[in-house]
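Okay, so here's the structure we're looking at.
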Amino acid sequence: MRVKNILKAQIFKSANTYNFALLLLIVILGGFSLRTNNKLIVADLVKQPNLQGVPVLLNNQAETVPFKDLALYKIASVTIGTSHSEAFDNMLRNYAPVKSFHFQSLASLKSLAPYNALIIRVQAESLYSLETLSFIQEAEKTKTVIVAGFGHATALQKLENISSPILWHPFNSPEAAEQSAQMIFGGEAITGRLSEAVGTKFTAGSGFSTTKTRLSYVRPETLGISAQKLSRIDNIMEEAISERATPGAVVMVVKDGNVIFNKAYGTHTYGDGIPTKTSDIFDLASVTKTAATTIAAMKLYDEQKLELNQPLGAYLQEVRGTNKHNIPVKDVLLHQAGFVNLDFFGGLKPQDHSRDSSYFFNIKASDNYFLRNNYYKEVMWPKMLRTPLPTRGQYVYSDISMYVMKELIERQSHRPLDEYVAREFYQRLGMGTAGFNPRRRFPKEQIVPTERDTYFRKALLEGYVHDSGAAMAGGVSGHAGLFASANDLAILNQMLLNGGSYGGVDYLKPETINLFTSKQSNVSRRGLGFDRSSGSGYPSRLASSETYGHTGYTGTCVWVDPKHNFVYIFLSNRVHPSASNKLNSLRIRPRIQDAVYTAIADIDSRIASVD
């Protein structure tokens, strides 16, 4: 009996070994078969003439392409069996926050549950898989789907049962990937038509047209601008870094709605070796005044919730009965209200702050530095209300003006400033990095440090606002506190340059933009909230008199020149490790701006070269 049992066990073991070997052989052969079939599919496609020479947009009756209000979408990019996904996804992220996924199986839909919009990138041969087609069909039942296809147009016949928009590009290359990504968001117009019928649904001549509604990203030569002349920017930045004017920077130039220059220089700090990236987030300092507070005021003005000639007392109850009651809102925006400058940090007492957070100390000014609750409302705001007005009607630049505007905006919008601008502008425009208190949303490695604060917070400031008053106000203030990448600022300012429209959505009225950005003072060059060109050397020698924008203490600036239709953005952390004036004394920002003017003079004869 024992011998029989042993024999049975050996037979059973041998059978299992055989079955396992057979299964393994089937898997190996199955994999080989799939690879062979894929090669056969490619070979078969290659044999057929690909007469389609340009991208074509199909199934766009609902005008889903290009995307419009981006606040409505949480977007994922799904790659199915295709190369060049990195080039595709990186370009997509210039327009909106997009999460990347690689398709594995139908089970992939579970991980995509948080997203309501999918951009599914496929190559021609991938469409010969039933699982790929099933995935697309299942996804479009519950989500907005855009199929971005690449390669031989014959494969379109496999998509006849797909109702979602299809953008088909006849080439499969990094350049094609980037072009299609731009087309999906309106960075480039689509005008192509099918040159021949594909299957029964897609007839010859089929195709939908779109218009350009957002920034495009091109080589300068595309516009007839010399890349060699723009390379002068490299020389100026090399000087800035070698002279320790700033450890790094990002420079971006937009001409006629096209990003023609976008480059990062140097490192985050002088010692860390972390290279600066164009996607890095910078402390914008006083650029906050225009990129947050002023555009919020413009929105309220559009909605007739803010009148420029009304006194502050009409909006802010606490100024009634003070010397600020009758100051017109217009004078506040022009820095002509007579406000003084205050040192809030000097008034701090030991009992006002703690190294640890608690119920009573939850205003985080930096790592291990917390202010007591309501410090701004109980100390800072009353202090501003008590100040004298020694220069009423004169131009005196004071941050109090934008503290006041923040209060006014929040009363009239019934929302905190940071929430209001995020909802009304940043999210809808696709500005993925712009906002206050960035450490709540991004790792500190993505945020460029500013000063090594030795007098207030005793720490390197990484993602906490540099300005001490804004930090004491909880990181959200009207004069400072906004962080963003250069690309996000390009989007916002291109919207202004467009007359208030971007991505097919109207944000501000053209006449409101003209009012706020034009000269409005008899005693200064200022606009309403905006700084402006002097017409004779500021902000650069070649800037037109129509130029508007703002600079920031941390080493930033944004200038928009409507006459020459371009936007210039410079972001740096010149205050690292401590505040230095070399960026100003070496005239780094204006010299780069003039280098840009000189380069675009090739296509704009109205510019006289500075050479």
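List of remarks:
- Sequence-separation-based contact order of the chain, relative, with Cα cut under 8 Å and 6+ spacing, percent: 15
- Counting DSSP beta bridges with both ends in the chain, the antiparallel % (nearest 5): 65
- For the range 231-300, the calculated P(r) over all alpha carbon pairs, in 10 Å bins from 0 to the bin holding the longest distance, is 17, 37, 33, 11, 1 percent.
- Its Cα gyration tensor gives the range 564-608 an equivalent ellipsoid; the semi-axes, largest first and in whole Å, are 28, 10, 6.
- Translational diffusion coefficient of the range 409-510 (Stokes-Einstein, Kirkwood radius from Cα pairs, 4 °C, 1.567 mPa s): 87 µm²/s.
- Helix 130-142 and the longest principal axis of the Cα set of the chain meet at an angle near 40°.
- Gyration tensor verdict on the range 87-194 (Cα atoms; rounded if a/c is under 1.5, prolate if a/b is larger than b/c, oblate otherwise): oblate
- Inverse mean reciprocal Cα-Cα distance (Kirkwood Rh) of the range 536-611, Å: 13.0
- Helix-only arithmetic for the chain: the sum of -39500 (n - 2.57) across DSSP H runs with n ≥ 4, divided by the residue total, places the mean residue ellipticity at 222 nm at -8500 deg cm²/dmol.
- Heavy atoms of Phe360: accessible area, 1.4 Å probe, square angstrom to 10: 140
- A probe of 1.4 angstrom, applied to the heavy atoms of all protein chains, finds Lys263 with accessible area near 80 square angstrom.
- The range 466-611: C-alpha pair distances exceeding 19 Å, %: 58
- Three-way shape label, the range 53-123, alpha-carbon gyration tensor, a/c 1.5: rounded
- Computed from the Kirkwood radius of its Cα pairs, the Stokes-Einstein diffusion coefficient for the range 287-327 at 37 °C and 0.692 mPa s stands at 294 µm²/s.
- Amide proton proximity set for Lys212, modelled H, under 5 Å, gap of 5+: Ala189
- Heavy-atom surface analysis with a 1.4 Å probe gives the chain a carbon and sulfur content of 52 percent of its accessible area.
- Computed over the range 188-343, the ratio Rg/Rh where both radii use C-alpha atoms and Rh is Kirkwood: 1.18
- Cα-based equivalent ellipsoid, the chain: semi-axes from gyration tensor eigenvalues, Å: 52, 31, 24
- The ellipsoid equivalent to the alpha-carbon distribution of the range 123-162 has semi-axes of 17, 11, 8 angstrom, derived from the gyration tensor eigenvalues as √(5λ) and listed largest first.
- Entry comment: accessible area of the chain is 43 Å² per residue, from protein heavy atoms only and a probe of 1.4 Å.
- Solvent-accessible surface (1.4 angstrom probe) belonging to Asp234, in square angstrom, nearest 10: 40
- Computed extension length for Leu586-Asn161: 146.7 nm, one decimal, from 0.36 nm per residue of separation with the Cα-Cα distance subtracted.
- In terms of its Cα atoms, the range 139-244 spans 65, 32, 24 Å along the principal axes, sorted from long to short.
- Sorted largest first, the principal axis extents computed over the alpha-carbon atoms of the range 252-390 equal 54, 48, 29 Å.
- Distances between every pair of Cα atoms in the range 175-224, grouped in 5 Å steps from 0 to the bin holding the largest one, split as 5, 18, 20, 20, 18, 10, 6, 2, 1 percent.
The values are calculated or read from the model by the stated rules, or taken from the named source; none is laboratory data. None of the values given here were measured: they were computed from a predicted structure. We work out accessible area using only protein heavy atoms, side chains counted, and drop any ligands, DNA or RNA first. Shrake-Rupley method; radii C 1.70, N 1.55, O 1.52, S 1.80 Å.
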